[in-house]
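Dumping the structure here so I can ask a few things about it.
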Amino acid sequence: MKTLKLPKSKLDFFAAVIQQFGEVHAPVARGDEFAFERLERWSDARLDYNRTILPPKKYFLPPREEMFTYTADGYVPSTEGLDQKLVLFGVHACDVYGLNILDEVFLDGPHPDPYYKARRRNVAVIGIDCIPDENCFCRSMRADFVDKGFDLFFYDMGDAFFTLVGTALGDDMVLSAASLFEPVAPQDVAAYKAHSQAKAEMFKLDVEIRDLPEIFEMEYTSAIWEELGEKCLACGACSMVCPTCYCYDVQDTVKLGECAGSRERCWDTCLFSSHARVAGGENFREEQSDRIKFRFYHKQRGFVAEYGRPSCIGCGRCIVSCPVDIHVVEVLNRLRGVAHVA
Amino acid sequence: MSPNVLAPAPQPAIEAVRLGNPYAPHNARIVGVQRMVEDNHLFTFRFVDPEIARSFSHRPGQFIMLSIPGAGEAPISISSSPTRPHVLELCVRRAGRVTDALYRMRVNDLVGIRGPYGNGFPVEEMVGGDVLMAAGGLGMAPLRSLLWYTLDNRSQFGKLTLMYGGRNPESMLYRNEMSSLVDRPDIHTLLGVDADPSGTWKYHVCRLADLFDFADIDPRTTHAAVCGPPIVYRFILQRLLKLGFSKDRILMSLERHMKCGVGKCGHCSIGYKYTCIHGPIFTYWDAINLPEMI
Amino acid sequence: MSSERKRIVLVDDDDDFAAAVTAFLELHGFEVHRAADGRSGVTLAKMVRPDLVLMDVIMGERTEGFFAVQNLRRTPGLEQVPVFVISSVYSAEPQFKVTPERGWLAHDEFFQKPVDLPALLKSITARLGGGEGALATNPGTIK
């Protein structure tokens with residue numbers, strides 16, 4: 001992979017120049033938290049953020065998306081907004097890892113999702129290094145480093161960024177601002193290694209994932225699920241903020257008085273009681289405890305069976321957004337019989 | 001003219017949304033409606049686009065997603081066999097918003113159909129051997145595609161046995177068609193009802209599971225395809241296991257809530273499998289191996 | 001031929017420079033509105049609906065103008081407004097050698113500071129037609 005160096009002092013110029021590739025979105029402050037939004041001036045960008053409220057998935061699987069319009073003559077696909085070019089500036093490695101997981105679900109196999117595919121093609125991803133906080137456990141989930149899924153990635157080397165070029169588009173971006181970049185020197189590589197080592201030691205949360213599938217099978221009837229079922233409000237916040245939750249509902253809307261309307265899909269969650277309910281009224285996951293068990297099961301074990309790795313990326317968003325403080329690492333460590341070390 | 005570098009160029013990715021979109025329903029016309037039993041009618045469809053009508057092909061056991069504009073979409077098993085491709089037959093139970101809307105429609109009305117989806121029966125593994133098809137009540141709807149597939153490809157299979165049971169004669173689907181099979185020498189057809197108040201039933205009066213007493217099944221050479229309400233599964237499985245059937249030779253068709261049909265919306269999940277991709281045909285081994293199966 | 005004067009929005013944080021350019025253009029029959037930073041420049045353009053925008057790219061923040069041009073382009077109704085960029089970027093940031101000719105700024109013409117006013121006027125006139133009641137003067141260049 002092509003590597004270059006960008007002095008940190010020139011990052012703003014780079015952001016200015018790459019606007020020709022699309023509308024630049026970056027994490028900006030929203031109260032005490034952060035969110036990806038269109039960048040109107042460089043000083044709004046907060047690249048020192050720990051996490052955004054919603055992950056970058058909102059750009060690829062929008063909360064509400066019109067798939068078709070229909071009339072009495074049938075359904076017509078909607079393409080509005082799909083060709084909009086965006087550049088996401090400052091995506092953390094774990095979130096890129098999350099996008100790679102969504103790629104496996106939405107792009108691989110015999111039925112690739114054309115809406116997701118179009119957005120993935122038109123939204124560029126520029127990654128940036130980060131410092132873990134007390135709710136980050138991406139290192140345990142092996143999501144703290146990615147080698148694909150981005151156009152460029154900036155790794156911190158002190159007063160410059162080590163730039164990895166991931167795609168031809170990333171290369172075009174670098175070439176469009178070639179005067180800003182410098183070649184990487186041996187002392188830069190040493191600086192990167194030192195930084196990487198220091199970062200590894202900053203993680204405060206740790207969870208062993210290697211034999212999670214076996215542990216989950218054995219603890220299928222554990223009392224912990226009843227306990228969580230009592231606590232969980234089924235608000236769905238964890239699913240909304242999760243980078244790899246992708247369940248959706250599809251509804252036809254109707255224009256009053258006409259046989260016309262649209263077919264839309266919107267975010268859904270297995271925590272809602274309607275998720276497993278079939279026509280005729282039977283519900284395969286009636287109990288709250290069954291639903292929260294399913295969510296954990298699918299994310300930490302089920303996904304492993306199909307794709308070889310858990311779909312949890314360790315970003316900590318569910319930890320900070322759960323209104324009743326259900327803490328995923330605590331749950332996993334309890335299942336494993338290990339005391340949770342905060 | 002401003003060099004507007006922000007104007008997007010036409011893209012193949014956008015074209016893929018317009019053409020070849022896996023979620024796009026194809027127009028199909030209702031060409032026949034037949035009331036079979038209360039709240040379970042047989043609808044026959046033909047695709048409007050002759051190219052699609054010509055190229056649509058399915059495996060027995062697969063399903064389609066049926067769209068009624070304004071009502072939504074629902075998965076329906078295909079009852080017709082791929083060996084008779086000119087029309088698409090769906091035996092639809094009236095159970096929710098989409099099927100309600102379908103029941104209000106008449107011949108010549110337009111619906112949307114896309115598919116086929118699902119794994120279908122593993123016919124490649126079943127050829128050369130015997131096939132037992134056991135259906136209870138409305139379970140005949142998905143099983144019928146396999147029934148006619150085996151009959152139309154008769155030379156590829158060994159012994160064929162059909163067991164079909166219902167509460168009473170009025171609750172049986174395809175009644176006349178089933179009766180016509182009884183005298184065929186190429187399939188052993190056993191029809192049974194729990195009770196026959198009208199006294200007109202010409203065949204067995206007993207439980208579905210008891211029809212095994214009249215059949216000659218070799219578990220080593222037979223694949224058993226079972227479909228019906230939960231109570232049917234329980235008793236049939238008991239008999240099959242008692243006979244010595246291996247768990248992966250017992251095939252079941254399961255239903256779940258579906259919104260996409262292609263393994264993306266998450267609603268049809270059973271444990272960590274998706275009914276629309278790994279099913280709807282599962283083996284009994286899958287059933288006991290995956291949590292929350294039956 | 002319109003009886004209204006052509007409107008120009010000038011976005012520049014240098015008061016002296018802005019005053020001089022404004023006077024010059026008004027003398028040549030254009031109506032000039034001025035904003036001193038990128039954000040208010042975009043707001044002004046939304047209100048005034050100019051026929052042309054003159055924008056400095058280095059203002060409060062040194063990339064302010066770059067972002068402001070992009071914002072203009074994404075404002076409904078202003079996507080096609082001609083944008084002439086005036087800049088001291090190469091003197092202010094000598095290491096920044098990105099050349100604007102490659103179309104990365106979504107602008108129409110680029111003028112280096114110190115600006116040659118007759119050349120600027122010529123380009124504006126070529127793009128918009130003449131201003132109303134233009135006077136013939138020779139003001140030279142303004143730094």
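Under a Cβ-only charge scheme (Lys and Arg +1, Asp and Glu -1), can you give me the dipole magnitude of region C:7-127 about the Cα centre, in debye to the nearest 20?
Values: 13 positive and 18 negative charges, 93 e Å.
About 440 debye.
Ok, one more. Using alpha carbons only, how many degrees (0 to 90, rounded to 10) separate the axis of helix B:140-152 from the longest principal axis of chain B?
80
How large is the helix-only mean residue ellipticity at 222 nm for chain B, computed as the sum of -39500 (n - 2.57) over DSSP H runs with n ≥ 4, divided by its residue count, in deg cm²/dmol to the nearest 500? Please report the intermediate quantities before stating the final value.
On the way: 8 runs with 65 residues, N = 294.
That calculation yields -6000 deg cm²/dmol at 222 nm.
Take each of the peptides B:228-238, B:103-113, average the number of other beta-carbon atoms within 10 Å over its residues, and list them starting from the highest. Write out the running numbers ahead of the final one.
Numbers: B:228-238: 17.2, B:103-113: 14.5.
Ranked by mean Cβ neighbours within 10 Å, highest first: B:228-238, B:103-113.
Right, next: Rounded to the nearest 20 debye, what is the charge dipole size of the protein assembly as shown about its Cα centre when +1 sits on each Lys and Arg Cβ and -1 on each Asp and Glu Cβ? Walk me through the numbers before you get to the answer.
Numbers: 86 positive and 99 negative charges, 329 e Å.
For this selection, approximately 1580 debye.
Output the lone cysteines of chain B: those with no second cysteine's C-beta under 4.7 Å from their C-beta.
Within chain B, the cysteines lacking a partner Cβ under 4.7 Å are B:91, B:206, B:227, B:268, B:276.
What lysines does residue B:259 reach when the alpha-carbon gap must be under 27 Å and sequence neighbours fewer than 8 apart in one chain are set aside?
A:57, A:58, A:117, A:255, A:293, A:299, B:273
Still on this model: Tell me which lysines have Cα within less than 23 Å of residue A:199's Cα, excluding those fewer than 8 residues away on the same chain?
Answer for residue A:199, where 23 Å is the Cα cut-off: A:5, A:8, A:148, listed by chain and number.
Report the local net charge at residue A:203: Lys and Arg +1, Asp and Glu -1, summed over other residues whose C-beta lies under 10 Å from its C-beta.
-2
Looking at region B:10-70, which chymotrypsin sites (Phe, Trp or Tyr not before Pro) are in a loop (DSSP not H, G, I, E or B) and have at most 11 other Cβ atoms within 10 Å?
Numbers: sites: B:23, B:43, B:45, B:47, B:56, B:63; in loops: B:23, B:56.
For chymotrypsin sites (Phe, Trp or Tyr not before Pro) across region B:10-70 that sit outside H, G, I, E and B with at most 11 neighbouring Cβ atoms in 10 Å, the list is empty.
Taking +1 at the Cβ of each Lys and Arg and -1 at the Cβ of each Asp and Glu, which of A:284, A:203, A:179 sits farthest along the dipole of chain A towards its positive end, judged by Cα position relative to the Cα centre?
Going by the Cα projections, it comes out as A:179.
Same structure, new question: Using the Cβ atoms and a cut-off under 11 Å, what net charge is assigned to the surroundings of residue A:217, where Lys and Arg are +1 and Asp and Glu are -1? Can you show the working numbers first?
Details: positive: A:301; negative: A:211, A:214, A:219.
So the environment of residue A:217 carries a net charge of -2.
Any chance you could list the semi-axes, whole Å, largest first, of the equivalent ellipsoid that the Cα gyration tensor gives for region B:139-237, using √(5λ)?
21, 16, 13
Under the classification rounded if a/c is under 1.5, otherwise prolate if a/b is larger than b/c and oblate if not, where does chain A fall, given a ≥ b ≥ c as square roots of the Cα gyration tensor eigenvalues?
oblate
As an exercise, identify the chymotrypsin sites (Phe, Trp or Tyr not before Pro) in region B:106-175 lying in DSSP coil whose Cβ has no more than 14 other Cβ atoms within 10 Å.
On the way: sites: B:117, B:148, B:149, B:157, B:164, B:174; in loops: B:157, B:174.
Counting only loop positions with at most 14 other Cβ atoms within 10 Å, none of the chymotrypsin sites (Phe, Trp or Tyr not before Pro) in region B:106-175 qualifies.
Let me ask something else about it. Put +1 on the Cβ of every Lys and Arg and -1 on every Asp and Glu Cβ in region A:218-263; which of A:235, A:257, A:224 then has its Cα farthest towards the positive end of the dipole?
Result: A:257, furthest along the dipole toward the positive end.
Give me the dipole magnitude in Debye, nearest 20, for chain B about the Cα centre, with unit charges on the beta carbon: positive for Lys and Arg, negative for Asp and Glu. Write out the running numbers ahead of the final one.
Numbers: 31 positive and 27 negative charges, 87 e Å.
I would put it at about 420 debye.
Oh, and also: When you look at the Cβ of every residue in C:58-67, what mean number of other chain Cβ atoms sits within 10 Å?
Details: counts 0, 1, 2, 6, 4, 11, 6, 1, 10, 12.
Per residue, the number of nearby Cβ atoms from other chains is 5 on average.
Let me ask something else about it. Starting from the eigenvalues of the Cα gyration tensor, five times each then square-rooted, give me the equivalent ellipsoid semi-axes of the protein assembly as shown, largest first, whole Å. Walk me through the numbers before you get to the answer.
On the way: eigenvalues 801, 214, 81 Å².
After diagonalising the Cα gyration tensor, the semi-axes are 63, 33, 20 Å.
We did not get these values from a lab; they are worked out from the coordinates using the rules stated. The shown structure was predicted, so the numbers you read here are calculated from the model rather than taken from an experiment. Quick reminder, even Gly has a Cβ in these numbers, built from the backbone with ideal geometry, and neighbours come from all protein chains shown.
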